[in-house]
Amino acid sequence: MTAWVVMDRARDAAVRPFEEIVAEHGPVVMRVCRALLGQADAADAWSETFLSALEAYPRLQPGSSIRAWLVTIAHRKAIDHLRGAARRPQPTDDLPEIPAVDAAPAGESSIDDELRAALEALPAKQRGAVIYRYLADLSYAEVGELLESSATAARRSAADGIANLRKHFSKGART
Amino acid sequence: MTDKPIIDRLANAFAAAGDGGLHSRLAALAERQGLLDVSYRTVDSPLGLLLLAATGEGLVRVAFSCEDHDTVLARLASDISPRILRTPRRLDEAAHQLDEYFAGKRRAFSVPVDLQLAHGFRRSVLDHLRRIPYGATQSYAAVARAAGNPSAVRAAASACSHNPIPLVVPCHRVVRSDGTTGEYLAGPEAKRTLLAMEAAA
């Protein structure tokens, strides 16, 4: 278990109401969940991520990078989902519905679909590195820890991933 | 060609349009699992925007906008728990009763309160304040006596000015012995407004 002490991000040190954490980082975590799992499972993974974070939040070390901490939880939730080992879902009878997936705006959708498909087709390390570096804005050291490799390897994977995406993307955009 | 366009494009491809109900679903799940220690909402009033905060025990804080709601929430995070979410539902009844009070249609509040932010003598003062009826006033000296320490008039006044649940715990009904209104967190004018409203209803 990583000690979440990153001294140059001390601005997160004050005890902030969890509501601020959701407001500030909710959209980033949603993008990561969508990229890791697709739209259908993203809402569940998002809720599970923030629920786990809420539980652990009072014990979070001052000075921790909140975003890296949340993305790590999302990473684990996504692994649970992909292994089908997610906790049994809560009964949802009196809970608000999971929001319906928004249709992508017309005209934009085909390029975005193409990009999503290209990302999904990347080798696992490249895909993870692109998501955690560019969608979650983590440092290469943090990306390396998530992918159980070094910062150098994470940097290489992210660069390779972007190069591959650009290849697919420009091909897809031309056709 | 730089990587910037494709990275922007990537973020765009996975962006969600709005919250779409995720927040209220999170709050409901948190409440069900006992992880929601403090919920809050705001409500409009003739005295400006009020912040209402509640624990599972009851209403724990009412704050005027002059107190700065962000500061109040940060204090609640350190004094009670940082497990705080904006959850209007848990506070609907308190908001409704405050609406009725300001409309002159309610003389007593029946929502449960949580006085954990007040200790010792201050707590005794607040317990006594809850027994001062609508439309009545009492002097700080009388309140000090009733709270068990007749010589602690200044401490009684201090307890009133640090009341965590103003309006619902009616510190505005405590006035100076000479009959003047005295201080109030939201200003003496707000206090006069409340007393005039209660006298007229």
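Using θ = phi - 60° and the Karplus curve 6.51 cos²θ - 1.76 cosθ + 1.60, what whole-Hz ³J(HN,Hα) does each residue of segment A:55-72 get, with Gly and Pro shown as x?
4, 8, 3, x, 9, 5, 5, x, x, 5, 7, 4, 5, 5, 5, 5, 5, 5
At q = 0.14, 0.18, 0.19, 0.23 Å⁻¹, what is the log10 ratio I(q)/I(0) for segment A:110-175, with the Debye formula run over Cα points and no solvent?
After summing over all Cα pairs, the log10 values are -0.38, -0.59, -0.64, -0.85.
Pull up all non-local amide H partners of B:VAL60: gap of 5 or more, or a different chain, and H-to-H distance under 5 Å with H placed in the peptide plane.
B:ALA53, B:ALA54, B:THR55, B:ASP114
Can you work out ³J(HN,Hα) from phi for every residue in segment A:117-133, in order, using Karplus 6.51 cos²θ - 1.76 cosθ + 1.60 and θ = phi - 60°, giving whole Hz and x for Gly and Pro?
5, 5, 5, 5, 7, 5, x, 3, 5, 5, 4, x, 5, 5, 5, 6, 7
If one takes the longest principal axis of the Cα atoms in chain B, at what angle in degrees, from 0 to 90 and to the nearest 10, does the Cα axis of helix B:22-32 lie?
60
Run through segment B:84-164 and list the trypsin sites (Lys or Arg not before Pro) located in a DSSP loop whose Cβ has at most 13 other Cβ atoms within 10 Å. Intermediate results must be reported in sequence, preceding the final value.
Numbers: sites: B:ARG86, B:ARG89, B:ARG90, B:LYS105, B:ARG106, B:ARG107, B:ARG122, B:ARG123, B:ARG130, B:ARG131, B:ARG145, B:ARG154; in loops: B:LYS105, B:ARG106, B:ARG107, B:ARG130, B:ARG131.
Sites meeting the loop and neighbour criteria: B:LYS105, B:ARG107, B:ARG131.
Where a Cα-Cα gap under 20 Å defines reach, which aspartates and glutamates qualify for A:LYS167, not counting those fewer than 8 residues away within the same chain?
A:GLU108, A:ASP112, A:ASP113, A:GLU114, A:GLU120, B:ASP3, B:ASP8
Check chain B for me: any Cys whose beta-carbon has no other cysteine beta-carbon within less than 4.7 Å?
Singleton cysteines: B:CYS66.
Can you give me the Rg/Rh ratio for the protein assembly as shown, using Cα atoms for both radii and the Kirkwood formula for Rh? Show your work: numbers first, answer last.
On the way: Rg = 26.5 Å, Rh = 23.8 Å.
My calculation of the ratio gives 1.11.
Using only Cα atoms and rounding to the nearest 10 degrees, what angle (0 to 90) does helix B:188-200 make with the longest principal axis of chain B?
With rounding to tens, the tilt is 70 degrees.
All of the numbers you see were taken from the coordinates with simple rules; none came from a lab. This structure is a prediction, so every number in the text was calculated from the model and none was measured. Virtual Cβ from ideal backbone geometry, glycine too; neighbours counted across all protein chains shown.
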